[in-house]
Amino acid sequence: MKFDLRNVIVNTLFAVTLFVYYPSPITAVPFLLNYTGTLSDNTIPVSDGLYTLKFALYKSSTAVTALWSETQNILLNNGIFSAVLGSIEPFPKTINNYDNLYLGIKLESDPEFIPRHRVVSNMFAIKSEYAATSSSAIYAVSSGSAGYTQSSAYAMISSQTVNSEYLHGYPYTHFLTTTTLIPRSTDSTFNTITTGSINNIIMIDGTTYPRSSAGIIQALNSLPSTGGTILLSPGTYPVSESITITKSNLTLTGCGNAVILKPSNNLNAPVIQTSNTNGAVQRIIISNISVDGNRTEQSTECHGVYIKDAVEITLRDCVITNCFGYGIFIESSEHCKVTNVFCNNNSWAGICLLRSNNNILAHNNCRQNGIGIYTMHCQHTVISSNNLSLNTQYGISIYGGGYCGITNNSLLNDSQESDNYYTELFLWGDGEGSDACYCVVSGNTVSCTANTRAKYGIAESTTANNHNIFTNNIITGARSGQLQKIGVNSIDNNNVKLD
């Protein structure tokens, strides 16, 4: 039985999401790593069922001896699998001695998949165990030389060393990437620590702030106008009203698929949204959360995340599924980045950009949506290293705008609504001035292998789509043609086209 672990880096949804919970100051820490990916057999998702997967950590991409390993029986659904690493065989404390770690995966009796996946900074968050008694911790339960002490038995630490300046105390420990952490203050007023909030950081723990949209909104309102960080502890958060972000410099983060935001029946509004009531919000990070859009119980648009009139918004390491509308909708916004997001079964599109310029969509997985990625009247968009598969209409649709880089994406068996009708990667417009032009489409792999196939692999719609460059793409299996270049000044160069 031979399988491919297809694009494991792209399809790794939570390989960098580590969360640790301390039941008491003296209880050993259960280090856990949430990991989600996809399995395919010659580009076709592996059949549903129970499979045996062996996971191992190595000190290098070529090391022979594993530092840690465990075997799990994994249930596969539509090629997607999830595992909580460390739940069977605990990670050794000595894992912290290595600057780099690589994850190897082995399916049943097959050899280990190549290449191994590098585990970046998040894995080293397990160093937070030592914050409980560290002699140099900024915050600690009992520390002989701690700058500040508090009653909390728990702490969070970044990928830095134990005496890192990014060490904070919480009633729940969860690692965030270093860029989301707020450095410790040197202000003497920082001696005073309020329950549930430290240096403009609030924990939604189900007590002071309930696990619901009301609790998150309460926390947002409690932060100063200068922003802060809100941490969501594990649980399902019923959303009875939109979670509206009106302040800049804010981070909203959870712990991967352990935090689920689910709209109530007939919410008919975005789950998370920004507002320009106080001017355009800037520098917002939304990470490590899951949204279940409760699609069948909505009667109109209920987007997962709706960003409007905003600047420098980052969405990463999230799962957005089952929304009536768009999984992620970015409108009239600039310098936004969407990375490592899994968008599945959203009725209109996984990710949509409207009249938004200078944005990046990279390393996302859009599957079984109406459209995978859809941009309208956008310029200077980078769409790179995404996986698009089994979407109802287009894999990637570029309507109007231009000057976009569409590179190194994998498109597989989109156009599932109608045979020989839609295009996997489509540049189009109205033929009257709103047409996709001056785009570079390079290094993409487009594969049509299902019974229902796209009309074209890559195509322009009219001669008004012009000055586009198509180069070094591999396109196979489309019904009517692999690449349709119509623009007089567009270029078709060095593409592989196989019927």
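Only the coordinates and a few stated rules stand behind these numbers; no lab work does. Treat the numbers as computed from the prediction; the structure is a model and nothing was measured. Cβ: placed from backbone, ideal geometry, glycine included. Neighbour counts: every protein chain shown.
With a sphere of radius 9 Å drawn around the Cβ of residue 287, what net charge do the other residues whose Cβ falls strictly inside it have (Lys, Arg +1; Asp, Glu -1)?
0
Distances longer than 24 Å among the Cα atoms of the stretch 221-356: what percent of all pairs is that?
It works out to 21 percent of all Cα pairs.
Between the stretch 377-401 and the stretch 202-230, what is the C-alpha centre distance in whole Å?
Going from one Cα centre to the other spans 35 Å.
Rounded to the nearest 20 debye, what is the charge dipole size of the stretch 381-499 about its Cα centre when +1 sits on each Lys and Arg Cβ and -1 on each Asp and Glu Cβ?
280
Only four residue types carry charge here, +1 at the Cβ of Lys and Arg and -1 at the Cβ of Asp and Glu. Report the dipole size of the stretch 297-452 about the Cα centre in Debye, rounded to the nearest 20.
380
Find the eigenvalues of the gyration tensor of the Cα atoms of the stretch 330-422, then list the square roots of 5 times those eigenvalues as equivalent ellipsoid semi-axes, largest first, in whole angstrom.
20, 13, 12
Summing +1 for each Lys or Arg and -1 for each Asp or Glu, what net charge is found among the other residues whose Cβ lies under 11 Å from the Cβ of residue 377?
So the environment of residue 377 carries a net charge of -2.
May I ask for the distance between the Cα centers of the stretch 56-91 and the stretch 248-301, given as a whole number of Å?
Spelled out, the Cα-based centre of one part sits 31 Å from the other.
Please work out whether the stretch 406-499 counts as rounded, prolate or oblate from its C-alpha gyration tensor, where a ≥ b ≥ c are the square roots of the eigenvalues and a/c under 1.5 means rounded, while otherwise a/b larger than b/c means prolate and anything else oblate?
It comes out oblate by the Cα gyration axes.
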